[in-house]
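Everything below concerns the one structure shown next.
The values are calculated or read from the model by the stated rules, or taken from the named source; none is laboratory data. Quick caveat, the model's predicted, so the values are computed rather than measured. Note that we place each Cβ from the backbone using ideal geometry, even for glycine, and neighbour counts take in every protein chain shown. To get the accessible areas, we keep the full protein, side chains included, count just its heavy atoms, and leave off ligands, DNA and RNA. Shrake-Rupley method; radii C 1.70, N 1.55, O 1.52, S 1.80 Å.
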Amino acid sequence: IEDLHAVAAAAARLAARMKDRLGADGVNLLSSCGAAAWQTVFHFHVHVIPRYDGDPLRLPWVPAEGDPRELAAAAQELGGK
């Protein structure tokens, strides 16, 4: 229970930071459990996905590589205090 609480609290903090620092309009918190639920990495993890009005993401998504520059810029914005 303590581990789940820690993961949920961390996901909530990251979601708030995404809205604040990336200007996200919303955030999806997603955990898939089992292949029928789109799980492709078979350990517990939570996706914290920034969402923007009108973005093209639809669930379930097909995993694809992201733009390395966009990912690095987002990591820079989200890092630190």
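The table that follows gives values for the structure above.
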item: Three-way shape call for the chain based on the alpha-carbon gyration tensor, with the a/c threshold at 1.5; result: oblate
item: Spin-label pair residue 73/residue 52, simplified geometry with 7 Å Cα→Cβ offset, distance in nm; result: 0.9
item: Residue 5 versus residue 43: modelled label distance in nm, points set 7 Å from Cα along the beta carbon direction; result: 2.3
item: Residue 27 long-range amide H proximity, modeled H, under 5 Å; result: 51
item: Rounded percent of accessible protein surface that carbon and sulfur make up, the chain, 1.4 Å probe; result: 59
item: Accessible area expressed per residue, the chain, with surrounding protein chains retained (probe 1.4 Å, Å²); result: 77
